[in-house]
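The values are calculated or read from the model by the stated rules, or taken from the named source; none is laboratory data. This one's a predicted model, so the numbers in the text were calculated from it and none came from an experiment. Cβ placement follows ideal geometry from the backbone for every residue including glycine, while neighbour counts extend to all protein chains displayed.
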Amino acid sequence: MLELIIKTIWLLLPAYIPNNFAVIFGGGKPLDLGKHFIDGKRILGDGKTIRGFVAGVLGGIFTAHIQLIIEKSFSLSVYSSLDYASFLQLVFLLSFGAMLGDSIGSFIKRRFGVERGGKFPILDQLTFLIIAYILASRCSAFYKLFTLDVIITGIVITPLLHLTINVLAYKLGLKDVWW
Ligand code: CTP
Ligand code: MG
């Protein structure tokens, strides 16, 4: 059980990390170029920037390479069981899917009239994961590592992880709300 959870987190790091890179390196021109949708509201809003998107994707791919180095130095074989081309394709799709899903989440939030930064439980925590899964499932390497138990564990633990980390950050005084 614990092993499955740890394996799942490890496999999902290239999808988890992009948003953190987007937060750190984001800014500048918004992805929607400031444009409004037919409902008169912003397509995505100022929280989704081109720089954040690109930094997020690169950050996820970077993280995966660090994982490859860690696996090799501890003789572990998760991502390192793949040939390099399949590895690169898979982690790109996970990272890109995470950022695309994050943007789709914002698109849906705007349609529901939720302002930038406003919370939308479950959607905020799962859209990126679902889209990452969908894109990554286009490559055969996905099925080698993401078995059904891993996929399901990911869906269950991601909102819980999110909540745990936010409560921790709140207790540590890094955030002013606990959600
Ligand atoms: N960010 C960015 N570009 C992205 C994604 C995120 O620049 N493609 C940065 C923005 O500064 C954003 C922050 O990371 O405010 C936090 O990301 P997120 O919580 O996803 O955005 P929100 O501001 O909450 O906006 P939304 O309501 O649209 O999710
Ligand atoms: Mg947010």
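Assuming Gly118 fulfils every condition listed in (1) part of a helix (DSSP H, G or I); (2) in contact with a helix residue (DSSP H, G or I) (Cβ under 8 Å, 6 or more places away or on another chain) apart from one, which condition is it?
With (1) part of a helix (DSSP H, G or I); (2) in contact with a helix residue (DSSP H, G or I) (Cβ under 8 Å, 6 or more places away or on another chain) applied to Gly118, the lone miss is (1).
Tell me, which residue of the stretch 104-139 that is small (Gly, Ala, Ser) and at pLDDT below 95 is nearest to ligand 1 (Cβ to nearest atom)?
Restricting to residues being small (Gly, Ala, Ser) and at pLDDT below 95, the top hit is Gly117.
All but one of (1) part of a loop (DSSP other than H, G, I, E, B); (2) farther than 15 Å from Val91 by Cβ; (3) not acidic (Asp, Glu) hold for Arg138; which doesn't?
Failing condition for Arg138: (2).
Being over 14 Å from the mean Cα position of the chain (by Cα), touching a residue at least 12 places away in the same chain (Cβ under 8 Å) and either more than 20 Å from Ala136 (Cβ to Cβ) or away from ligand 2 (no atom under 16 Å from the Cβ) (or both) is the requirement here; does Ile24 meet it?
yes
Hey, among Lys119, Lys109, which residue is within 13 Å of ligand 2 (Cβ to nearest atom), out of contact with any Gly (no Cβ under 9 Å at 6 or more places or on another chain) and closer than 30 Å to Gly40 by Cα?
Lys119
Which of the residues spanning the stretch 156-175 are surrounded by 14 or more Cβ atoms within 10 Å (Cβ to Cβ), modelled with pLDDT of 85 or more and among the hydrophobic types (A, V, I, L, M, F, W, C)?
Ile157, Leu161, Leu163
Would a scan of the stretch 146-167 turn up a residue that is part of a helix (DSSP H, G or I), polar (S, T, N, Q), free of Cβ contacts under 8 Å to residues at least 40 places away in the same chain and more than 15 Å from ligand 1 (Cβ to nearest atom)?
Yes, that holds for at least one residue.
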